[in-house]
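Okay, structure first, notes after.
The values are calculated or read from the model by the stated rules, or taken from the named source; none is laboratory data. In this text, all values refer to a predicted model and were calculated from it rather than measured experimentally. For neighbour counting, all protein chains shown are included, and Cβ atoms are generated from backbone atoms with ideal geometry for every residue, glycine included. The area values use the complete protein model at the heavy-atom level, side chains included, leaving out ligands, DNA and RNA. Shrake-Rupley method; radii C 1.70, N 1.55, O 1.52, S 1.80 Å.
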Amino acid sequence: MPELDGGELARGTLDLVQELMRKGHECIVVSSGGELVPRLTMRGAQHHRFPLEQRSIWSLRRAGRLRRLLQGLEADVLHVSGAVPARLTWQAWRRMPVGKRPRLVTSAHNESESRGGFFNRALVYGERVTAISEKLARSLRKSFPKRLQRSPDVIWRGVNTREFDRSAAVSGQWQLRLLNEYPQLEGKYWLLIPAALAPVNGQRVFLQLLSALAREGADVFGLVVGDPPPGQEKFARNLEKLALDLGLEERVLFLGARRDMRELYASSRITYHLVEQPASHSARVSEALAMGCPVICYADDGAAETVKRCFPQGLVERGDLAGLVRTSLDILENPAVLDYAGLSVDETSTQLIQLYEDLCQTPAG
């Protein structure tokens with residue numbers, strides 16, 4: 001994979017490695033490094049640092065060195081994520097003796113990887129190809145119809161339900177600390193939008209929604225969780241100004257990045273995912289649903305597949321503010337039951353292991 005930098009792919013890999021090792025498998029991760037490497041090795045996995053993040057034709061000069069590393073590891077299955085690692089790995093793997101090389105699985109994780117291009121094409125060169133949503137699998141089939149050996153296997157990125165455990169009670173001390181710090185939250189319905197503060201992530205729509213709900217008499221309070229990425233500090237200040245202009249000074253808090261997301265999901269009435277560009281997956285959506293918190297998202301988003309499966313009441317057409325208001329009020333008044341069965345990392349890792357075992361039982365090409 002490219003790196004273990006703390007992004008969704010890296011965190012998902014860390015959870016997957018933990019589950020695979022818990023089920024008795026040995027795991028070795030090759031990446032450019034990153035902040036999660038110590039957490040990976042503390043769990044007993046191996047890590048080999050190798051430059052895999054540079055999208056340059058010159059990176060292919062490292063293919064021989066990577067091939068020697070792979071030959072020394074003697075893995076059964078080589079599972080690749082990311083366009084640059086896929087291209088470089090394929091260049092190394094194809095020159096290994098057929099009977100001595102690992103079986104190759106490649107994975108696509110976002111829509112940008114389904115577009116054409118020298119590096120992206122390698123994501124469908126695996127003997128088996130996986131995608132994290134049906135939407136992304138369709139995009140791969142459309143973009144690479146002649147390259148795919150078979151239709152991609154859809155395996156959702158599972159949630160670590162040991163970390164996001166809805167059966168564990170929220171600490172009374174946590175509630176007391178939060179209400180002591182923000183007493184205006186007491187007795188309100190909390191509405192949550194967890195995303196980096198950037199124009200594409202829907203916080204402006206969320207504030208407009210809060211204003212509309214207030215006009216409807218709903219006793220709601222908005223929690224905006226996330227920091228601005230570098231260069232978006234002005235946007236974050238403008239969001240706070242918009243909240244004042246909409247009269248929301250007593251109805252919204254900008255909490256910054258938080259480490260207590262499990263408790264916030266468990267205590268909120270609705271989590272929102274309102275990104276402007278449809279994505280293939282959202283870890284925040286899956287985490288909220290795993291914690292039993294209803295999610296509202298746009299029906300054309302990749303995350304809508306998870307919402308449709310677990311909480312179809314939460315789907316809204318993109319750009320329909322009135323629909324957002326109606327759906328929010330309906331959920332607040334008549335919350336439906338969530339069903340997150342089949343989407344924990346325990347369950348999705350079992351699907352992946354079955355794919356590995358099926359592949360290893362077929363003759364190598």
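Just PRO152, PRO38, PRO85 to compare: in a GNM of the chain, with alpha carbon springs under 10 Å, which one fluctuates most? In this elastic network of the chain, the residue with the biggest mean-square fluctuation among PRO152, PRO38, PRO85 is PRO38. Taking the accessible area of region 15-96, probe 1.4 Å, and keeping the other protein chains in place, the carbon and sulfur fraction comes to 46%. Sorted from greatest to least, the principal axis extents spanned by the alpha carbons of region 186-232 come out as 37, 20, 10 Å.
For region 215-359, with only Lys/Arg (+1) and Asp/Glu (-1) charged at the beta-carbon, what is the dipole magnitude about the Cα centre, in debye rounded to 20? Don't skip to the end; give the middle numbers.
Working: 14 positive and 24 negative charges, 74 e Å.
Using Cβ point charges on Lys, Arg, Asp and Glu, region 215-359 gives about 360 debye.
For the chain, modelled as a GNM whose springs connect Cα atoms under 10 angstrom apart, the maximal fluctuation among HIS109, HIS25, HIS79 occurs at HIS25.
Only DSSP H runs of four or more residues enter the estimate; each adds -39500 (n - 2.57), and after division by the residues of the chain the mean residue ellipticity at 222 nm equals -11500 deg cm²/dmol.
Note on region 1-77: semi-axes of the ellipsoid equivalent to its C-alpha gyration tensor, largest first and rounded to whole Å, are 22, 16, 9. Under the convention that each Lys and Arg Cβ holds +1 and each Asp and Glu Cβ holds -1, the size of the dipole of the chain around its Cα centre is about 2060 debye.
At a 1.4 Å probe radius, which order do LEU253, LEU213 fall into by accessible area, largest first?
LEU253, LEU213
For region 1-93, the residue among LEU16, VAL80, ILE57 whose Cα projects farthest onto the positive side of the dipole built from Cβ charges is ILE57.
With one equal scatterer per alpha carbon and no solvent term, the Debye-computed log10 I(q)/I(0) for region 154-214 at 0.14, 0.15, 0.27 1/Å reads -0.72, -0.81, -1.08.
Length available on full extension from LEU321 to ASP339: 0.36 nm per residue minus the Cα-Cα distance, which gives 3.8 nm. Over the chain, accessible surface divided per residue gives 47 Å², non-protein components excluded, 1.4 Å probe.
Comparing mean-square fluctuations of ALA279, ALA266, ALA169 from a GNM of the chain with C-alpha springs under 10 Å, the top value falls on ALA169. Pairs of Cα atoms in the chain fall into 20 Å distance bins, from 0 up to the last occupied one, in shares of 27, 53, 19, 1 percent. One compactness figure for region 170-284 is 1.04, namely its Cα radius of gyration divided by 2.2 N^0.38 Å.
Quick check: with the 1.4 Å probe, what order do ARG11, ARG55 take by accessible area, largest first?
Heavy-atom accessible area, descending, gives ARG55, ARG11.
Lys/Arg Cβ at +1, Asp/Glu Cβ at -1, dipole of the chain taken about the Cα centre: which of PHE311, GLY365, LEU140 is farthest positive-ward? Checked the options; the winner is GLY365. Charged side chains reduced to their Cβ positions (Lys and Arg at +1, Asp and Glu at -1) give region 263-344 a dipole of some 80 debye around its Cα centre.
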